[in-house]
Every structure is written in structure tokens, then in C-alpha cells.
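What follows is a single structure, written as C-alpha cells, with notes after it.
The values are calculated or read from the model by the stated rules, or taken from the named source; none is laboratory data. As the structure is a prediction and not an experimental result, all values here were calculated from the model. Here the Cβ positions follow ideal geometry from the backbone for every residue, glycine too, while neighbour counts run over all protein chains shown. Each accessible area value is taken on the protein alone, full model and side chains, heavy atoms only, with ligands, DNA and RNA left out. Shrake-Rupley method; radii C 1.70, N 1.55, O 1.52, S 1.80 Å.
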Amino acid sequence: MENKNASRREFLTAGMLAAGVATGCSSKKNPFDGYSDSSIKASGETVKLLSVDGEIIEMDKAFLKPVPDLPISNSEARKGIDGKKFVMVIDLSRCKNVGACKSACNHAHQLNPGQNWIKVLPMQDAEHTAPYWEPTTCMHCDEPPCVKVCPVDATFKRQDGIVLIDSDRCIGCRFCMAACPYSTRVFNWQEPILEKEIAAQPYSCETSMPQKMGTVSKCDFCPDMARKGELPHCVSACPNGVFAFGDMNEDSVTNGTETFRFSELIKSKAGYRLMEDLGTKPRVYYLPPANRNFPYESGLENVDTEDKKYQLK
Amino acid sequence: MENTTALINEQITKDLLPQKFGKRGMIWTGALIVIALIGAFAYYRQLRYGLVVTSMRDYVSWGIYISNFVFFVAISLVGSLITAVFRLANVHWSTPLTRIAEIIAVSAIVFASLIIIVDMGRPERFVNLFMYGRIQSPIVWDVIVISTYFVISLLLLYLPLLPDLKILIARESKDAKGLQKMYRFLGSFWKGLAIQEKINNKAVTILCITIIPVAFCIHTVTSWLFATTYRPGWDSTNFGAYFISGAFLVGAGGVVVAMYVFRKVYKLEKYINEMHFDKMGKIVVMLALLYLYFNVNEYLVPAFKMKKPEEAHLTQLFAGEFAPLFWFAICVGMLIPIAILLFKKGRKPVPMFVAGIMIVIGAWFKRYLIVTPTLLHPFLPMYNVPESYHHYFPSWEEWAIAIGSLAGALLVITFFARIFPIIPIHETIIEQHETAE
Amino acid sequence: MKLQNNYKLFFILITAFYCNSIWAEEPKPKLLVDVGYHLDNNTFPFVSIFTKSKIEKKFIAVPNISVKVYLGQEADANLLGTVITNKYGKGMISFPVSVNTLWDTLSQFKLIATSVAGKKYESVSNEVSLTKAKIYIDTLWADGVRSIAVTIKIKSGNEWKPVKDVETKIVIKRSVGNLSIGDKETYTTDSTGKATAEFTKVGMPGDAGGNIIIVGKTEDNELYGNISLERKVKWGTPLVNVNTFDQRTLFATRDKAPLWLLFLAGFIFITVWAVIIYLFLQIIKIRKAGMENWPDIA
Ligand code: SF4
Ligand code: SF4
């Protein structure tokens, strides 16, 4: 069955050439330039192809390339992308609780009211220390307690560092929610409200969609976007460049406009991870809220009361 | 002499044979069935609309289902205590209590597993536990150990029942056809032969030895469902012992209650007498003191340090939102029963019955306090969630299912007592002879 | 008859309402079309299209727009092709063989993008006028310091001439954002058309062989568009990817449970169940004993 799918996929790939090139096409600021292989040489050999819109297009053969935007099989999704070690850096000195990360994420993943994979917490560590805004995602822990306790491998750790959930497998025991010290997991207490076309899709661990009643979900680091060579939705949505996403194996992270050498950034700005003492080894690093771009109070006007009021029926 | 023995035997048999429900029995059974059916209806609603019908939300993701589960597992431990420990220690006075204890254990463990399925968001995927079970997960340990304990408990119920089955079969005419068929199916091969007795005795001894570690496992593993997480109030190395001592206490309390009720209803004053209550009372006191000791450990030590994550949790328990319930559970579940049972007068049937009820009720709320307050005190502040996520009070569906499951467990015990002799006839006879000689 | 009249009236009313609501609407958002010219590795030119619209001071991508792209002038002979933008409002087209001869003769050129009028948006057009340019990369080594020099040349007549004051980026290619090889974000060419950047990112992980790819490029240059060139150099440290994925751990998958756990759990399980099975055998034994003595009853 899987094999059959695979060959079908290749076929589609050729068929969707026109679309394929479009996907590979880099906008000027495509942060994942590495994915679009620009070293192709024109072969001079052209092929005629049918575009998705029924037009016949002539194209140089060298431009034929697989479209990464196709469904990934479950076993592939469970393994992850070879050679990658995804990492995120959240710069607390830039956050003023705009909430664009949250809404972009909620929109992209069709989260229901009351569900937030990203939370922007008002924090104050001690009575006389300064308050700050702290966006939290899933930490994609390297030794994830949530994965340890899952009885059915429904949540799992991939080789590229991402922790994902298979909602087709999850039995809804919610042990992982109790085990996660960062309280990042949300549960689908009722039948999720979804757009029709999304609801009709088969579930994919990499898009975490469509969500299913009685299963758990959480921030997934948008591995589907990474495969396409794009940044997670929160990273590109934040107007202040709070989030930087990247690959530790390449020692670089980017917030879309700026790119940093990860090791240097963490060193010069004294990066740290949350609850280091628990030994969960998160893959999300924080930069302390020093030399802030905005005062804490400026974030208060963005405090979102919508979620608060919402009542599940 | 021969004659009197036969007479005594006949009398004992007559006293102890299962009896048809009287009027009160009918009302009792009917009430239980109604409560259980309401619970079933609530569960139907939950299946239909999802867990949204409960009050559990993202922070309090485990509610009274889980505390009820822990309660059932706890009370089921009693089977091993009364039967196995006493049998091994050659304590004879406990003979009339063994079957009561065993049936409590079996029905509690059945409902523990049912309630765990009720708690699942995707009950139809229960098979995943067997298809994709992951030995690293404490839930899988729990599944293994609970099913093992269930089988062992059934055996421990069944093997000592064999001689009684023979007696039941012998009184063929008096019973309904269906029952007779079942008795025959279960025990027609038991002829009371010396060799059978020998094998059976040996088997029961082996069972008693096996069931003790398994019983310890089942509750320790259940405590690990909590203790393997980082949460304040759960993150304790003491948890296994704490849970087991609590389980012994509630189990013993449950047996006291059952003793009293059966004695009253089946007029068994001759077989369950004040001596039994007195001895059980002493044991309950000892267990209550032990549990109190673990409670002091569990709360005093973290309270002394007041680590930051624990602080909110403990202050809520001692003086905050949960304080009334907390002190209620401590007083009613431990202190008052201890005060009653320390005195000889307190170890009479009626005060014992009251103390037993208190222990059971206190224990139920204690389980609730172990599960819920912890979840309301996560490490990071509760934020960006609906207001209702900040609190937890069970919905009617949850109450109905929890109470329905308790009713179901009582129903199993009731029916068992209707079908089988709740006090082992054969053993009582033997015992009678031994004491007579 | 009366009924019909009623219907008519109803219909008119509805139509009136409908029109009213259309007239009352805000002015239609205008479609904007961005045109970008790209030349990768001095071989293959292509055009990128981005359709967007400004809503509430924010640019929002507009998907599914057909855009016709022309070279030089809006004539059928000069049509490069039609692009339909994807769900992110983006599309791209390469130069067809048919324009090759025309393309080769040009040193300055114009790209015109015209959207096809649709239901929601009217046809809009946008154009860019650019000079053909090429980019070259040289690696330098002086006093133990590595540098990269990027040269930009433009076509003037039949020659390629270096050009000054062009802002270039000299970066290490990463899958996640491109990291400048030096301390500055951009480097500007001097009168010889050269921009030099010192390689300060020593020790960047490369591929398994320590290769990294250096890219020199112009970005959205008003005169030359986006031209870029890659060069593989062995300046990185070989990548050692520590993959613990296949290790037996508590957080691994079920087939990778730690051995100690497997043995411990297995040992306990087997012991207890051996006893249980033994007990079942005992029951069978009891049964047999009973049957043997009174076979008739059984
Ligand atoms: S943050 Fe929580 S959910 Fe995410 S990997 Fe860590 S423990 Fe698991
Ligand atoms: S709720 Fe789902 S993902 Fe979480 S532990 Fe249970 S089965 Fe695993």
C-alpha cells in the first residue's frame, strides 16, 4: 500500500511540475534558501507538461524536481528529517505580548477557541524582580517526559528533535498532559470545529491536522513547513522578531529578517532553557529580558480577554 | 457425638446458605440498579459528546474518574490483606471474613478497569494498548499488573469456594435450575477427596504467597502514575508506601462495613461475633496510625521546605480552597476512627460500623485531594485559557458515573452474596470442630 | 395572478437590497503585482510574481491570480508565459526557448506583468526595467585570513564591465536563513566592481566533508534584480550528527525499550504468570481426580 502511494506520488510530482517550480521558487527572503537547489544547469532538453490548471507548459527538464508539499507517510513522519536538529530561540527582550504568534498558529492549525499551543505568559519570578512576557511553545524536550509515559507511542521523539503526536493512535489517557511540566498540551474535549476541506483530509502527524476528538495536541514546530523550506508560522508572524528558528547542525537560527549564529547568540546573550533542573533538556532556548525593546506595561493593552470568556458547551 | 456433629453441620449449612432477596434486598438491589443505569446514561452522553461533558479541562486533565480509580484499586487490596496475610500467619478467627474480602477485591478491580476506560478520550482504541503497548509507560505496567491481580483474585475466590460448591450442589432441589447448572459447571468435579483437599490447600497457600507481592505491585504502580511526573504533591519517593498503607486502611474499613451489613442482613451474629469486630478494630487502628504516619511524612516534610512549586499547592490544602475537604479527609478518614477504635467500647459492632463508613468516605475524598489540587498548581501560570479552566468541580455526568460505578461494585457483591455463601461453610465447619476438640 | 405579482415585488425588493449592499461597500481592495527578476549561477533567468493586496494597512497575499509576463513589450511574441499564483500569492516562470534569441541581444530589458481581470480584481500591470548583470566569486587567502571577493559586471554592448556601488550580500548558505560570512550584513562594490568580505564565521559546521556553500548575491536590486552565484569551499568543520534516535531509552519507541527494563519486566511477568499457569494446572488436576473416582457423575 505504501509503495503504491509512493509511486503515485512520483507520478503526481511530474504532473504537478508547474506547481512544483512555483513552490520551489524563492521569494526574495526565503529563509530556507538551501532547499531550493539553484545549482541546476539548463539541460536544453524541454518537456511539455500539463499544469494543474489544464494548461500546456514547456519547461526545461532540469527544472523537474520533487514537490515537497506532498503527504508524508506515517512512518516517515515518525522518523523525521535526517541530519537536522531543529532548535528555537525566544528573545524575551523583544516581546511585548502582541500575540501575532498565537493567532497565526491558531489559524494555521485550526485550533478551536480556548485552545492555544502558544501561550504568552506574564511572568514575574520574584516579588522584586521585573515582570516580562514569556511566550511558551512545546519545548520539544530531548528527554521528553511526555513521551516516556505515553502507553501507545502516540507521542514520539523524532531524530530531528521534534516531538509529535499521532492523533490516529492516541487513546486519550492524558497521562502526557500530567507529565509535561510546561503544561503545553491541549486536549480536544469535544468534536473540533474544522473547515470542511481540512476535516476531510487524512490525519498527518506533521501538520497535526485535522484534530480529532478525544486526543491530545500541542505545538509541533511546523515540520510540514520545514520540509517546504519555510519557517514555522509563529516565527514569520511575529513583528518583533522574538522567535528565531533553525538547525543546530547548521549552527544558525533565523527570525525571517535576521540570521544569527546559534552558538554565538546563546553565548553573547546568556541564553538559557526553562526548568533546566528537571532534566528534560528542552530544544527551546530563551534569551533573558535584558535591554528590552519595549517596557512590560506596553504589553498589557494586548491582553487577550477573548479566550478567557470562552466556555466549552 | 456423631449425631450432634451432623446436627451442628446441618445447622451451620442452613445458616450460611445464600438466601433469596427479601423485600429490603429487593429495594436495595433495585436502587443500585437504578443508580448504575443513571451512570450508564451519563456515560452514553460522554461517548456521544466527548469528554466535554465532564468538568475536566486542559489543566485539570484528570478528575474524579481517576480518583475513583485509585479508590477502587486501593479497596481491592483488602482481599490480599485479609485472606492471604492472615492465612499465612495461621490466624483462624478471620475465616468468616475471607470471602467478603475477596469479593470486594474482585468487584473493585473490575470497576477500577472499567473506570479507566471511562476516563479515556478514545475508549474504542483500548486495543491499542495491546497492539502498540510500550513497556516504558507506567500505564502499561498498570494494565499488566491489574489484569494479573484480577486473575489471581478470581482464583483466590474460586479455590476455597470448591468445597462449598459441593454443599450447594447437594441441595439441588431448593435452588433455581440456572443456579444449579452454574454450580455444577463450576464445581461438580469436587468430591472432597483427600487428594483434592491436598492439592487445593497447597494451591491456596501458593496463591496467598503470590498475591501479596502482586497486590503491592498494583498499588505501587498506581501511585507511580502520579509519582513519575514532576508535579508538586506527586513528585515523591514516598508515594508507593503512602498509597499502600492508605489502601490497607480503606480496604479494612470496607471489610468492617461489609461485615456489619452481612451480619445484620443474613443474621450471622453467631459466625461474625464481637470478637471479630474487636480484632478487626485493632487492625484498623494500627492501619490508620500507619497511614497517619505516612501522611505526616507526605505533608510535613515538603511543608517544612516550602519549595516554590509546592508552596501554592500546600497552602491551598492547609488553609486555602481545599482546606475544608483536606481537614475533613484527615479527621474523618483517620483521626476520628482512631479515637473511636482505640477504646474497647469503640470496637463494638455499631461504632465499628460508623468508623468503617467514615474511613471509606474519608478515603474517597482523600483520593480526590491527591489528584485534583496538584493539577491546579502547574509550574507555569495558568494563562491564555478560558476562565473555567482555572477551577474544577465535577459535572453531574462525572458524579453519576463515579457513583454509578460504586453502585455497580456493590451490585456485584450483592449478587455474589445471593448466589454463593458469603461465609465459607466448609471452613467454618472445620473450624468449629477444631475449636470443639 | 396576484401571487405572481407578489413574487415580482419581492424579487424587486431583494434586488434593490442586494444592489444597495454592493453600493454601500467599501472601495474594492486593489490588487498589487510584484515582479522580480532572478538569475542563479549566471545561467538561467526566471521571473517571480507575487500578488498581494493592502487591507487595513497590511499586505495580504492574494492567491489564484493569472498573471501574464512579457519581455520588453506587451505583445504576444514577447509573452514569457502565464503564471497562476499559489496559495501564498506566489508564482514563478522561466524564460521559454522561443525568446532566447531576443534575450541574447538585450543588455537592458523590461519585464511586464499584467494580471488577467477576474471577478474580484481588475487587471493591473507592473513592470521593471533592469540591466543585465553577472556575478563572480573569488576566494582569497592572506595572512591566515580567508576572504571572499564578489565582482559584479554589467553588460554594455558586447562587453561585461565591472560596476561600483552595488550592494551585495555574501553569505553562508544554510537551510534556515543565510548567515553573513563576515561581521557586516552587506558589502558594497568598489570601482573595480569588487566587494570583499572577511570570513569570520570560523568553525561553522559544513557537510560531512566540511564543505560549506558561499553565496554572493544582490537582493532586490533596483538596477540588476536578484542575481546570485554559489561556490563550494572547504572552510567548515565536518558535521558530526549525533543521532541518538536508535538508542534504547525510556523515551524511545516501543521497539527500543531499554534492555534492563525489558528483562526486569519480563522476569517479573513470566514468574508470576508461571505461577498462575501452574495453579490452573492444579485445578485441572483436582478436576481429573474428581472425575476418575466418579466418572459417572461427571
Ligand atoms: S514541553 Fe511538554 S509536551 Fe513538549 S516535549 Fe517537553 S514534556 Fe513533551
Ligand atoms: S493522551 Fe495520547 S499522546 Fe498522551 S499519553 Fe495518552 S495516548 Fe499518549
Condition (residue is assigned by TED's automatic domain parsing to the domain that holds A:Asn97, among the hydroxyl-bearing types (Ser, Thr, Tyr), surrounded by fewer than 22 Cβ atoms within 10 Å (Cβ to Cβ) and assigned to a loop (DSSP other than H, G, I, E, B)) applied to the stretch A:248-261: is it met by at least one residue?
yes
Considering residues that are surrounded by fewer than 21 Cβ atoms within 10 Å (Cβ to Cβ) and more than 10 Å from chain A (Cβ to nearest Cβ), the number found within the stretch B:110-135 is 3
Where a residue in the stretch A:162-189 is outside the structural domain of A:Thr207 (by TED's automatic domain parsing) and its partner, wherever it lies, is within 7 Å of ligand 2 (Cβ to nearest atom), with Cβ under 7 Å and at least six apart:
none
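Specify the residue that is nearest to ligand 1 (Cβ to nearest atom); the eligible residues are those in the stretch A:113-142 that are open to solvent by 20 Å² or more (accessible area, probe 1.4 Å), touching a residue at least 24 places away in the same chain (Cβ under 8 Å) and farther than 20 Å from A:Leu278 by Cβ. Break it down stepwise before answering.
Residues of the stretch A:113-142 open to solvent by 20 Å² or more (accessible area, probe 1.4 Å): A:113, A:122-131, A:142.
Adding the requirement that they be touching a residue at least 24 places away in the same chain (Cβ under 8 Å) leaves A:113, A:122, A:130-131, A:142.
From what is left, the residues that are farther than 20 Å from A:Leu278 by Cβ are A:113, A:122, A:130-131.
Numbers: A:Pro113: 22, A:Pro122: 20, A:Ala130: 25, A:Pro131: 23 Å.
Here the answer is A:Pro122.
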Single condition A:Pro223 does not satisfy, out of (1) surrounded by fewer than 24 Cβ atoms within 10 Å (Cβ to Cβ); (2) more than 25 Å from B:Thr374 (Cα to Cα); (3) within 16 Å of ligand 1 (Cβ to nearest atom):
(1)
Residue identified as closer than 21 Å to B:Val34 by Cα, open to solvent by 20 Å² or more (accessible area, probe 1.4 Å) and not aliphatic (A, V, I, L, M) among B:Phe415, B:Phe393
B:Phe415
Take the conditions more than 16 Å from ligand 2 (Cβ to nearest atom), under 16 Å from A:Trp117 (Cα atoms) and small (Gly, Ala, Ser) and apply them to A:Ala290. Does it pass?
no
Considering residues that are within 16 Å of ligand 2 (Cβ to nearest atom), hydroxyl-bearing (Ser, Thr, Tyr) and more than 14 Å from chain B (Cβ to nearest Cβ), the number found within the stretch A:205-240 is 1
Any chance the stretch A:143-161 includes a residue that's hydroxyl-bearing (Ser, Thr, Tyr), more than 7 Å from chain B (Cβ to nearest Cβ), crowded, with 24+ Cβ neighbours inside 10 Å and within 11 Å of ligand 2 (Cβ to nearest atom)?
yes
Can B:Ala355 be described as more than 30 Å from B:Leu179 (Cβ to Cβ), open to solvent by less than 20 Å² (accessible area, probe 1.4 Å) and in contact with a Leu (Cβ under 6 Å, 6 or more places away or on another chain)?
yes
Of all residues in the stretch A:162-188, how many are touching a helix residue (DSSP H, G or I) at 6+ places or on another chain (Cβ under 8 Å), within 7 Å of ligand 1 (Cβ to nearest atom) and at the interface with chain B (Cβ under 7 Å from one of its Cβ atoms)?
2
Please go through the stretch A:178-197 and give me each residue that is under 13 Å from A:Gly214 (Cβ atoms) and near ligand 2 (Cβ under 10 Å from one of its atoms), ordered by number.
A:Phe187
Per the list (1) facing chain A (nearest Cβ under 10 Å); (2) at pLDDT below 90, residue check on B:Arg87 breaks on (1)
How many residues are over 14 Å from B:Ser137 (Cα atoms), open to solvent by less than 100 Å² (accessible area, probe 1.4 Å) and more than 14 Å from chain A (Cβ to nearest Cβ) if we restrict to the stretch C:239-263?
1
Which one of the conditions (1) away from chain B (no Cβ under 12 Å); (2) part of a loop (DSSP other than H, G, I, E, B); (3) open to solvent by 30 Å² or more (accessible area, probe 1.4 Å) does A:His107 fail to meet, given that it meets all the rest?
(2)
Name every residue in the stretch B:162-194 that is within 15 Å of C:Ile286 (Cβ to Cβ) and more than 12 Å from chain C (Cβ to nearest Cβ), in order of residue number.
B:Asp164
